[in-house]
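One structure is given here, and the rest of the page talks about it.
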Amino acid sequence: MTKRYFYLIFLLCSIFVDVAGQLPFPPKGIVFADDAVNRIDVFLETDSIDALLEPGNEYSNHEYPATFILTYNNTADTIENVGFRLRGNTSRVSGKKSFKISFNTFTGNNYYGLEKMNINGEHNDPSIARSKICWDICRDFEVIGSRCNPVELYINSEYKGLYVNVEHVDEEFIELRFGNKDGNLYKCLWPADLVYKGSNPDLYKEVLYGRRTYDLKTNTNTDDYSDLANFIDILNNSTLSNLPYDLEEVFNVPGFLRYLAIEIYTGHWDGYAYNKNNYYLYNDPETGMFHFLPYDLDNTLGIDWIGRDWATRDINDWASHGGYRPLVERLMDVSEYKDWFNFYVNKLIDERTNTNIIFPEIDAYRDMVKDYVVYDNYHSLDYGYSYNDFINSYINSQGGHVTYGVKPYFTTRVSSANQQLDLNNINPIISNVRNNHPGAQQLVNITAKAEDEYQLVVRLFYSDDQTNWNSETMLDDGFNNDGQANDETFGINIGPFAAGSQIDYYIEAEDNSGNISRYPRSGSKYILIENLSPVTLVINEFMAKNSNVISDQNGNFDDWIEILNIGNSPVYLGDKFLSDKLNSQTKWQLPAVTLGAGEYYLIWADKEENEGINHTNFKLSSKGEEIVLTDADGISIIDYVKYYWQTENLSEGRYPNGNGPVQYLGFPTPGYTNELMDIENHQPSVNIQVYPNPFIDHCTIEIQDSENQQKLLQVFSVDGKLLFTKSFHEEIYFWSGNNNNIKSGIYFLRIDLNRKIIATQRIVKL
């Protein structure tokens, strides 16, 4: 190589926010990894397990102290003093019971941000697959819901069978997805029909079966139901012509219609539309809008207890005829919403649940878990299910409450839904509108999801004086904090603006047929430009081709990234993100550590999260890519580096340290101040040989220089410390590795010719 590789810092924007991170679809991580079957062990005293399982105690919520062990990929985490109890409804009296594990009961701690885990026995489902399939559909169809995965459960070393681990909905769940947990979260159980009872908020605190129908799970000290009462009032009492204007101010309508398509398509009769049951409502204080969150998806895909054929029931006349369901019936009375619903059902079939897509996934799941069912003696206790029943349940009805095999349900539902679809040319759907909260002279970022049958043009209209309006086209290209290119999320950066400015904006989407939608339907949203202190973190150094320079705690020579706090105050890392893709900024969440002023933090980019908290879920490409450090909102970029083809064992970093441009450093300095080396030619312009290498006592440095120019030899440790310096004119120099008591290890030679660096080379002393 005769010329230096070029580098580029492409700092798109430094947008700093004062809100917590939003991650609607967080990574599955170790706890919910579904590439294999995790093992969960629970150990508790014999008298505790006897009391927990004693007849008559089925509905007790007493938590017994236990030890929890999760094994993933042959690596085990052990948590002492967790709470352990039964959970569920009918499963409490079943042979194969379900359990709740609480990490915070006795210690106040959590596990990977979780306070609780729900371990479900799926005793009604011979396939032990239905809820997992439906939760995966929700996730892929962008409906906010629980993460889940299959696990094998052992209690006091006794195998209890194959279970499904379903994420618990609580404050931690909400904060991870919405970036806050200050709003009201209601758990809604039968008969939660959302029918108007009156303007008094206390009317919605009714108690049935020992619990509230709309059970407030947050802000319980305040116990204020006025937001719920207002939402129900608007839903029931707004005129039909005003309903879209009024309802969209307080409720995420497109998000609910997406979910409703799944509820009806999968035959989830135990949800809202048919059984006024099993859902959550969260009022996001950031937007003032309620979001509908699904819950308990096991009675799906042909599980039936009331004598209905859910696979053929009309998608446009699916709700129960025996009671009023305003959230379905009133929305379906709005022709635009009915068109959106049918659009979503059609989209669900085409993009996620047609048999060409779903069948291979079902087969793969069955093949992964089947060996864990062979020895699941509890699987047969409630309905006599055998291993053969498990296998057959994927392709055949099992009789009784199992009216369809899993795959035949999809075959029938696809066929019937396609015949029932009432498809019309829709107005574009605009949803998930988000903006950051920048400070002075920082860019404003606005994103929105826009969907239609046809190609869309999405425009942002904004004003900083409430009089003169500007218009700019939003892009779905993956370079405007809009996620992946062509994923129907559009983004734009505008500004910067002075502190104290108010930026008013609205969005329009127009399709090829001339249909136009506006968000909000009337009026505008606004952003206040604040005086904020910037986050003082930088990507200070990285190595994307580490062959044998520095190893992690396991002796692996993996790629690494160094983060530096250049500020005067500590910075918390745990709410920020690191990624190797600008269009996937939330790929890896940094560990929950605080970085002091002037401190460095070394991260191993090795795609081996199980090796420690500072090991990422991605690797760096030696052929060049990007590194992006993102703030807590998952949008605002703290620092960004784009790099190109890497040279083995050379690092790039900022010089001057912390605030300069990124360039080759000549030798790596992880955890130390970066030192610049001018390497205009990484290979020498004259012939240089260093041998033997590795060496034991000494090595020979041979420089073919007939003019006998002055040469300078310097030896550095891998952390950048200068260990040895020698000036000479000869063509050959013998360097003894015993100089300055240099021990065995890796070092770097730097050779200057007439004060110009002509070579750096790694050497190894044995």
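Grab the DSSP H runs of the chain that are 4 residues or longer, score each as -39,500 (n - 2.57), total them, divide by all residues and round the 222 nm result to the nearest 500 deg cm²/dmol. Rounded to the nearest 500, it is -5000 deg cm²/dmol. Sorted from greatest to least, the principal axis extents spanned by the alpha carbons of the range 233-346 come out as 38, 28, 27 Å.
What separates the Cα centres of the range 201-227 and the range 412-444 is a distance of 31 Å.
Scattering from the range 97-153 was approximated by placing one identical point on each alpha carbon and applying the Debye formula without solvent; log10 I(q)/I(0) at 0.12, 0.24 1/Å stands at -0.37, -1.04. Per atom type, the range 246-335 shows carbon and sulfur on 42% of its accessible surface, probed at 1.4 Å. The Cβ shell under 11 Å around LYS576 holds other residues with a net charge of -4, Lys and Arg each +1, Asp and Glu each -1. The residues of the chain expose, per residue, 40 Å² of accessible area to a 1.4 Å probe. Expressed as a whole percent, the accessible area of the range 445-584 that falls on carbon and sulfur atoms is 43 (1.4 Å probe). Classification of the range 151-197 by its C-alpha gyration tensor yields an oblate form. The axis ratio a/c (a ≥ b ≥ c) is 1.5 or more, and b/c is at least a/b.
Classify the range 485-545 as rounded, prolate or oblate, taking a ≥ b ≥ c as the square roots of the eigenvalues of its Cα gyration tensor: rounded when a/c is under 1.5, otherwise prolate if a/b is larger than b/c and oblate if not. Oblate, because a/c is 1.5 or more while a/b does not exceed b/c.
Once Rh is set to the Kirkwood radius over Cα pairs, what Stokes-Einstein translational diffusion coefficient, in µm²/s, holds for the range 565-684 at a temperature of 4 °C and a viscosity of 1.567 mPa s? Here the translational diffusion coefficient equals 84 µm²/s.
Ligands, DNA and RNA left out, the accessible area of the range 21-132 computed with a 1.4 Å probe is 45% carbon and sulfur. Annotation: amide H-H contacts under 5 Å for PHE106 (H modelled 1.01 Å from N, sequence separation of 5 or more, or interchain): GLY83. State the Cα centre-to-centre distance between the range 538-604 and the range 619-644 in whole Å. With the range 538-604 and the range 619-644 each reduced to a Cα centre, they are spaced 11 Å. Just to be sure I understand the curve: with the Debye formula and one point per C-alpha of the range 470-611, what is log10 I(q)/I(0) at q = 0.10, 0.13, 0.18, 0.20 Å⁻¹? Here log10 of I(q) over I(0) equals -0.56, -0.83, -1.17, -1.29. Calculated from the alpha-carbon coordinates, the chain shows an Rg and a Dmax of 30.4, 101 Å respectively.
For the range 224-290, a Kirkwood hydrodynamic radius built from all Cα pairs, placed in the Stokes-Einstein relation at 4 °C and 1.567 mPa s, yields a translational diffusion coefficient of 99 µm²/s.
Sequentially through the range 78-84, phi angles give Karplus couplings (6.51, -1.76, 1.60; θ = phi - 60°) of 10, 10, 8, 6, 8, x, 9 Hz, Gly and Pro residues having no value and appearing as x. Between SER736 and ASP697, the contour length at 0.36 nm per residue exceeds the Cα-Cα span by 13.4 nm.
Evaluating kT/(6 pi eta Rh) at 10 °C and 1.306 mPa s, with the Kirkwood radius of the range 312-427 over Cα pairs in the Stokes-Einstein relation, gives 95 µm² s⁻¹.
Taken over the range 529-577, the convex hull of the Cα atoms encloses 125 Å³ per residue.
Working from label points 7 Å from Cα in the Cα-to-Cβ sense, the ASP246 to SER513 distance is 3.0 nm. Shape class for the range 595-641, computed from the alpha carbon gyration tensor (a ≥ b ≥ c): oblate, with a/c not under 1.5 and a/b at or below b/c.
The values are calculated or read from the model by the stated rules, or taken from the named source; none is laboratory data. Because the structure is a prediction, the values reported are computed rather than measured. So basically every Cβ, Gly included, is an ideal-geometry build from the backbone, and we count neighbours across all protein chains shown. Side chains included, ligands, DNA and RNA excluded: accessible areas come from the protein's heavy atoms. Shrake-Rupley method; radii C 1.70, N 1.55, O 1.52, S 1.80 Å.
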